[in-house]
Amino acid sequence: MVKSRKNTSRKSKPGSRSGELVRVLIARARVKQRVRQLAREIRRDFPKDTLHLVAVLKGAVLFLADLARELGGEVSFDFMAVSSYGKGTSTTGEVKLIKDLDVSIEGRTVIVVEDILDTGLTLKYLLRLFEERKPKHLRVVVLLDKAERRIADVRADYTGFTIPNEFVVGYGLDYDERYRNLADICVLQLGQRATPKSA
Ligand code: IMP
């Protein structure tokens, strides 16, 4: 018997609802490989330092977890929460601090771990906040960069993938809190019944 080949490029994924289609943009193996390379680059720049990884909840959590395991050496974590997106796929352009860091970053080598750089407003807000707190070094690693959407004048020191202007989910990224557990990074396409608010 000949088994049919699985077509994973465009289909309903576990957790998807009617009117929502996800298609793989970056498969898990590529993500894994790129995260390993990013970790090498960061460790090469700071071979002896304890790297204090600061992630923005919740989207960057899976990226931080994988990056931390690839970094080697001494690593510590902290988390903060900001609001930049509400329900849906549109941005309000407003950034609000919801949860601050637990420990001081003064004198530490801080690596801000971001899931995705879109308008850049969130990162700009964070960098201004962190610079005032006098870290020894302050660097930014982002997994995904939607470069064409940039409003704020910010850039990451380390970038995983530059992607087109499409709404992506998976590997920690959500749409209304769903899809974070997809192992691949996928584009979410909404049908007519679930049209996003304009970004
Ligand atoms: P920015 O302030 O516009 O750069 O937005 C950064 C935040 O918006 C990210 O940390 C994500 O939480 C969210 N975001 C931006 N684009 C997407 C996307 O395509 N999918 C899911 N979340 C996104």
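The values are calculated or read from the model by the stated rules, or taken from the named source; none is laboratory data. What you see is a predicted model, and the numbers here were worked out from it, not measured in a lab. Neighbour counts run over all protein chains shown; Cβ positions are idealised from the backbone, glycine included. Just so you know, the surface numbers come from the protein's heavy atoms only, side chains and all, with ligands and any DNA or RNA stripped out. Shrake-Rupley method; radii C 1.70, N 1.55, O 1.52, S 1.80 Å.
On the stretch given as the range 94-152, residues that are within 8 Å of the ligand (Cβ to nearest atom) and among the aliphatic types (A, V, I, L, M) total 8. Looking at the structure I just gave you, is VAL168 open to solvent by less than 60 Å² (accessible area, probe 1.4 Å), more than 9 Å from the ligand (Cβ to nearest atom) and at pLDDT 95 or above? Taking the combined requirement at face value, the residue does not satisfy it. Among the residues of the range 103-120, the one identified as among the small types (Gly, Ala, Ser) and open to solvent by less than 20 Å² (accessible area, probe 1.4 Å) is GLY120. Could you go through the range 91-102 and let me know if any residue there is open to solvent by 50 Å² or more (accessible area, probe 1.4 Å) and under 28 Å from ARG30 (Cβ atoms). Checking the range 91-102: not a single residue is open to solvent by 50 Å² or more (accessible area, probe 1.4 Å) and under 28 Å from ARG30 (Cβ atoms). In the range 121-155, the qualifying residues are those that are basic (Lys, Arg), assigned to a loop (DSSP other than H, G, I, E, B) and open to solvent by less than 80 Å² (accessible area, probe 1.4 Å), and the one that is modelled with the lowest pLDDT is ARG150. Residues being away from the ligand (no atom under 12 Å from the Cβ) and without any contact (Cβ under 8 Å) to a residue 60 or more places away in the chain are entirely absent from the range 184-191.
Annotation for the range 66-74: at least one member residue is touching a residue at least 40 places away in the same chain (Cβ under 8 Å) and open to solvent by less than 20 Å² (accessible area, probe 1.4 Å). Against the condition out of contact with any helix residue (DSSP H, G or I) (no Cβ under 7 Å at 6 or more places or on another chain), of a type in the set (A, V, I, L, M) and modelled with pLDDT of 95 or more, how does ALA39 come out, does it pass? The answer is no for ALA39.
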